[in-house]
Every structure is written in structure tokens, then in C-alpha cells.
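The values are calculated or read from the model by the stated rules, or taken from the named source; none is laboratory data. Nothing here was measured: the structure is a model prediction, and the numbers come from that model. All Cβ positions, even for glycine, are placed from backbone atoms using ideal geometry, and neighbour counts span all protein chains on display. Note: areas computed on protein heavy atoms with side chains; ligands, DNA, RNA excluded. Shrake-Rupley method; radii C 1.70, N 1.55, O 1.52, S 1.80 Å.
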Amino acid sequence: GSLESYFTVPGLKSPTDISFIDGEDPTPKAAAPVSSVAPGAVTSGTQISLTTETENGAIYYTTDGSVPTENSTRYTEPIEINQDTTIKAVVIANGLKDSDVTSFAYYIAVSGLQIHDIQGASHYSPYENQYVADIEGVVTYVADTNNFYIQSLTPDKNPSTSEGILVYKRSHGLSPGDAVNISGQVKEWV
């Protein structure tokens with residue numbers, strides 16, 4: 001093009017080529033996919049729905065650890081989680097750059113347990129390092145803002161098992177007497 005007066009203002013007239021010298025593509029990105037269930041411990045059979053704010057955006061996903069592309073599985077219905085699974089998803093839409101790839105990691109939690117099941121009759125928990133869900137109890141003691149103890153609502157009357165357990169939850173805000181339903185990972189801590 002040529003630099004010359006253009007409607008009484010200096011300007012570029014009749015450009016034949018444009019390139020961006022800062023290397024940034026000005027095309028906006030599609031909005032990243034969002035999961036209906038927060039990543040973490042879930043029970044077997046949990047249904048995961050994926051959505052995007054991008055109008056006419058198609059969601060593609062993988063569960064094998066690979067990076068999703070338009071050649072991956074297209075999301076059309078909820079994904080059922082029956083084993084530890086990481087979903088990687090991307091949104092692709094005409095006229096937009098692909099969204100960032102988002103990962104959602106899910107771990108199958110054992111459900112239907114009581115505190116005495118987790119504590120077990122030996123020195124170490126039979127559920128050590130496993131995820132557990134829906135453990136009911138009542139707060140008996142608050143150690144600090146991150147730790148509290150709960151006790152079972154239905155003891156098993158077995159002197160070899162314990163009905164109490166320490167729970168670590170940052171900024172829990174609980175008080176003694178509060179009824180709780182806990183899900184998380186079992187850890188031995190000494």
C-alpha cells in the first residue's frame with residue numbers, strides 16, 4: 001500500500017498484504033468445555049455432561065490420555081464413569097481458534113462404608129489410598145480450621161474397630177454437633 005493523505009488524514013491506501021508483526025493471531029478462541037461434575041472422587045455410574053458457552057461449538061474428547069482433535073470422539077451424550085478416568089476435551093467452532101484443552105480427572109470412590117469399615121480391625125486401613133464416598137458422622141471435636149474429628153452414627157459394637165476418624169478439610173467452618181457427609185481419599189497419617 002501507499003502512505004498518503006486519505007480524507008485529509010495520513011493513512012495506508014490500497015494495501016495489498018497485511019501481516020501481524022507481534023506474532024499473535026487476533027482470532028478469538030472458543031470457550032473451553034465445562035463439566036457438570038467437579039473433578040475428583042465420584043461413584044461408579046456417575047454421568048458427566050460437557051457444555052460450552054461457544055454457540056455452535058462442537059466438543060471433542062478423549063479418555064485414553066491423548067490430546068483431543070476434531071478426529072476424536074464428538075461429545076453427543078453424557079459420559080458414564082465406571083473406572084478411574086481422565087476426560088480431555090476441546091471445543092472447535094468455525095471462525096474461532098480451538099479452545100484450550102481441559103482435563104477432568106475422576107476417581108471411583110467406594111460407597112456404602114461406615115467409619116469402622118475405613119478404620120478396620122488392624123493397624124492400617126484396608127482402604128488406604130482409596131477414595132470413599134458418603135461417609136456419615138457427627139463432628140465431635142474441632143482441632144483447628146483444617147482438621148476435625150467425626151464419629152459414626154451407627155457403631156458396629158466391635159471393640160477391634162474405631163467409630164471415630166480425623167478429617168482434613170481446609171477452612172471447614174464446622175462445629176461440634178454438626179452432622180456431616182464426607183467423601184475423600186483415605187490416608188494413614190502419623
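Of note:
- Candidate set from region 150-165 (those that are of a type outside the set (S, T, N, Q), touching a strand residue (DSSP E or B) at 6+ places or on another chain (Cβ under 8 Å) and open to solvent by less than 60 Å² (accessible area, probe 1.4 Å)); member that is farthest from GLN119 (Cα to Cα): ILE150
- Scanning region 73-87 for residues that are closer than 25 Å to SER111 by Cα, in a strand (DSSP E or B) and open to solvent by 80 Å² or more (accessible area, probe 1.4 Å) yields a count of 1.
- Some residue of region 62-72 being buried (at least 20 other Cβ atoms within 10 Å of the Cβ), touching a residue at least 24 places away in the same chain (Cβ under 8 Å) and within 30 Å of ILE182 (Cβ to Cβ): no
- Of all residues in region 14-30, none are outside any loop (DSSP other than H, G, I, E, B) and open to solvent by less than 80 Å² (accessible area, probe 1.4 Å).
- Selection count, region 114-136, where residues are open to solvent by less than 20 Å² (accessible area, probe 1.4 Å), part of a loop (DSSP other than H, G, I, E, B) and either without any contact (Cβ under 8 Å) to a residue 60 or more places away in the chain or within 24 Å of SER66 (Cβ to Cβ) (or both): 1
- Every listed requirement among (1) farther than 23 Å from ALA38 by Cα; (2) in a loop (DSSP other than H, G, I, E, B) is met by VAL139 save one, (2).
- Restricting VAL90, VAL37 to residues that are outside any strand (DSSP E or B) and either open to solvent by less than 50 Å² (accessible area, probe 1.4 Å) or in contact (Cβ under 8 Å) with a residue 24 or more places away in the chain (or both) narrows the list to VAL37.
- The condition (being at pLDDT below 95, of a type in the set (Phe, Trp, Tyr) and touching a strand residue (DSSP E or B) at 6+ places or on another chain (Cβ under 9 Å)) is satisfied by just one residue among TYR60, TYR107: TYR107.
- Residue in region 14-23 that is modelled with pLDDT of 95 or more, of a type in the set (Phe, Trp, Tyr) and more than 23 Å from GLN130 (Cβ to Cβ) present: no
- A single member of ILE165, ILE150, ILE81, ILE115 is closer than 23 Å to VAL37 by Cβ and at pLDDT 95 or above, and it is ILE81.
- Total residues in region 42-60, condition open to solvent by less than 40 Å² (accessible area, probe 1.4 Å) and either free of Cβ contacts under 8 Å to residues at least 24 places away in the same chain or in a strand (DSSP E or B) (or both): 7
- Taken together, the criteria exclude VAL142 from residues that are modelled with pLDDT of 95 or more, open to solvent by 60 Å² or more (accessible area, probe 1.4 Å) and aliphatic (A, V, I, L, M).
- In region 167-184, the residues that are free of Cβ contacts under 8 Å to residues at least 60 places away in the same chain and open to solvent by less than 70 Å² (accessible area, probe 1.4 Å) form Cβ pairs under 7 Å with partners that are among the aromatic types (Phe, Trp, Tyr) and in a strand (DSSP E or B), at six or more places apart or across chains, as follows: VAL167/PHE148; HIS172/PHE148; LEU174/PHE148.
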